[in-house]
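Contents: one structure, followed by commentary.
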Amino acid sequence: MTRPNNLRADQVQPPQPQVAPVAPSSPVPLRPLHTFGLESYADRLVQIDSTAALHAYANDVENGQGCLLLGEGSNTVFVSDAFRGTVYSMALKGRQYLGCKSGKHRFRVMAGENWHQFVEWTVASGFPGLENLALIPGSVGASPVQNIGAYGLEMCEVTEAVHVFDLQTRQFSVMSAAECRFAYRDSIFKQELAGRCVITAVDFALPVEWTPRLEYGDVKARALAMGELKPINVMKSIIGIRTEKLPDPVCLGNAGSFFKNPIVPDALFQKVVADHPALPNYPSIPGHRKLAAGWLIEQSGLKGFNLGRVGVYNKQALILVNLGGGQSSELLDLIAHVQSTVKAKFGVELEAEPNLVG
Ligand code: FAD
Ligand code: EPU
């Protein structure tokens, strides 16, 4: 570069920035963004509403920035005062009826759609099959992560494919249900692909021929009491049961079941059931039995137990609640207390179900 002769070196100005410097943004409160409602903050919040936003997320990951993907925060609990990094909030919207093929109605639903609204829409539009999963909080995009399930149905049973954006290769691809390796409250997205990809949409296939799932508790009796055994009445009975049993996060912070129902080897099951014949238990993977964690916690004397401003819900012991103003340290102490008490009494380990961040 040639310098004009009349300027000395110390008079040369540095290049001026093209845009004004960005003022440091104030921390983003996370309390409204997760249903347990603990106080915490993130550095930044970014909506994922476009392909460009997916690439911005991938850039942050590549640059080693702290990143967290959030749907509606009903299975995520922030257990530290601050999350150092950016929270990416899923906001891809849209749902589409793809037509009927091989006896199944097919749907494509974007990840940022609300799960319950999708279920209601299918039932109201004459496409039954999802009614047992009504009123589960959260986004469609998170539903494959832990393979949501309730009242005799898991989402994997009606899932055909999951659309993903790979944060390393930056490629979009479609995974078959088999490739997702769905299991009880588990999938490849909680294992090998954890933090590696964004689920952008899910394809569902609902059989044209309706086969109601009525085995759980009084689902059938409630539906019949409404007049007729039809999908809308099954959905209403599920909503009724859930409303009576589970706390509404708007009124009482919670993350649903806080522990998975433990899957234990047959030998341990035989030992526990010999001493406690009333232990509720269910079939599971070969050589194992699934136990009811809520029962184990209640029998350990912890139903309604409070520790500071958090506690074990007094109507359903598998749910931990924020009584208002709960601290993350209190929650961590409560988790440890529940786990060690149940372990000491029954010899069974309880694993937390929600994603604990921090
Ligand atoms: P978030 O909490 O936002 O995210 C959960 C996890 O998924 C995080 O690790 C997050 O990073 C990841 N994630 C979110 N979106 C994406 C995406 N697009 N791509 C990749 N990863 C993603 N669960 C059941 O299975 N059955 C129930 O009956 C049930 N009942 C509940 C009742 C209550 C009152 C509450 C509060 C929760 C309940 N849950 C239940 C748990 C919860 O509703 C589900 O796990 C739900 O799918 C979480 O959705 P979300 O969008 O809120 O997920
Ligand atoms: N139980 C007790 N005491 C309690 C709670 C439960 O004895 O305080 C007993 C019940 O009497 C019953 C058994 O435990 O015999 C199972 O209880 P329930 O039917 O209420 O279901 P759960 O096993 O506690 C699971 C899911 C829920 C899902 C319901 C209905 C898990 C971890 N939880 O709860 O999912 O809605 O079944 O299908 O699998 C969630 O994942 O967040 C969730 C809410």
- Message: If the requirement is being touching a Pro at 6+ places or on another chain (Cβ under 8 Å), open to solvent by 50 Å² or more (accessible area, probe 1.4 Å) and within 20 Å of residue 242 (Cβ to Cβ), which of these qualifies: 137, 128?
- Response: 137
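Considering only segment 155-186, state which residues are small (Gly, Ala, Ser) and either assigned by TED's automatic domain parsing to the domain that holds residue 290 or under 20 Å from residue 54 (Cβ atoms) (or both). Spell out the reasoning first.
To start, the set of residues in segment 155-186 that are small (Gly, Ala, Ser) comprises 161, 173, 176-178, 183.
The answer is 161, 173.
Within segment 68-91, track down each residue that is outside any strand (DSSP E or B) and open to solvent by 20 Å² or more (accessible area, probe 1.4 Å).
Kept after step one, since they are outside any strand (DSSP E or B), are these residues of segment 68-91: 71-75, 79-81, 91.
If the condition is that a residue be outside any strand (DSSP E or B) and open to solvent by 20 Å² or more (accessible area, probe 1.4 Å), then 71, 72, 74, 75, 80, 81, 91 are the ones that fit.
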- Query: From 190, 220, which residue is open to solvent by 60 Å² or more (accessible area, probe 1.4 Å) and in contact (Cβ under 8 Å) with a residue 40 or more places away in the chain?
  - Reply: 190
- Residue satisfying all of: in segment 176-187; within 16 Å of ligand 2 (Cβ to nearest atom), of a type outside the set (Ser, Thr, Tyr) and assigned to a loop (DSSP other than H, G, I, E, B); surrounded by the most Cβ atoms within 10 Å (Cβ to Cβ) among these: 182
- Which of the residues spanning segment 193-207 are part of a loop (DSSP other than H, G, I, E, B) and surrounded by 13 or more Cβ atoms within 10 Å (Cβ to Cβ)? 193, 196
- Message: When you scan segment 117-132, do you find a residue that is under 24 Å from residue 50 (Cα atoms) and modelled with pLDDT of 95 or more, even just one?
- Response: yes
- Query: Any idea which of (1) more than 29 Å from residue 69 (Cα to Cα); (2) open to solvent by 20 Å² or more (accessible area, probe 1.4 Å); (3) hydrophobic (A, V, I, L, M, F, W, C); (4) within 16 Å of ligand 2 (Cβ to nearest atom) is the one residue 241 doesn't satisfy?
  - Reply: (2)
- Message: Checking the structure you have, find out if any residue of segment 299-307 is assigned to a helix (DSSP H, G or I), touching a helix residue (DSSP H, G or I) at 6+ places or on another chain (Cβ under 8 Å) and either within 14 Å of ligand 2 (Cβ to nearest atom) or within 26 Å of residue 135 (Cα to Cα) (or both).
- Response: yes
- Message: For segment 118-152, which positions are closer than 19 Å to residue 35 by Cα and acidic (Asp, Glu)?
- Response: none
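Condition check ((1) closer than 28 Å to residue 142 by Cβ; (2) of a type in the set (Gly, Ala, Ser); (3) in a helix (DSSP H, G or I)) across all residues:
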| residue | (1), (2), (3) |
| --- | --- |
| 272 | no, no, yes |
| 294 | yes, yes, yes |
| 325 | yes, yes, no |
| 348 | yes, no, no |
| 356 | yes, no, no |
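The values are calculated or read from the model by the stated rules, or taken from the named source; none is laboratory data. Being a predicted model, the structure only gives us computed values, none of them experimental. Every residue, glycine as well, gets a Cβ built from its backbone with ideal geometry; the counts of neighbours run over all protein chains shown. Each accessible area value is taken on the protein alone, full model and side chains, heavy atoms only, with ligands, DNA and RNA left out. Shrake-Rupley method; radii C 1.70, N 1.55, O 1.52, S 1.80 Å.
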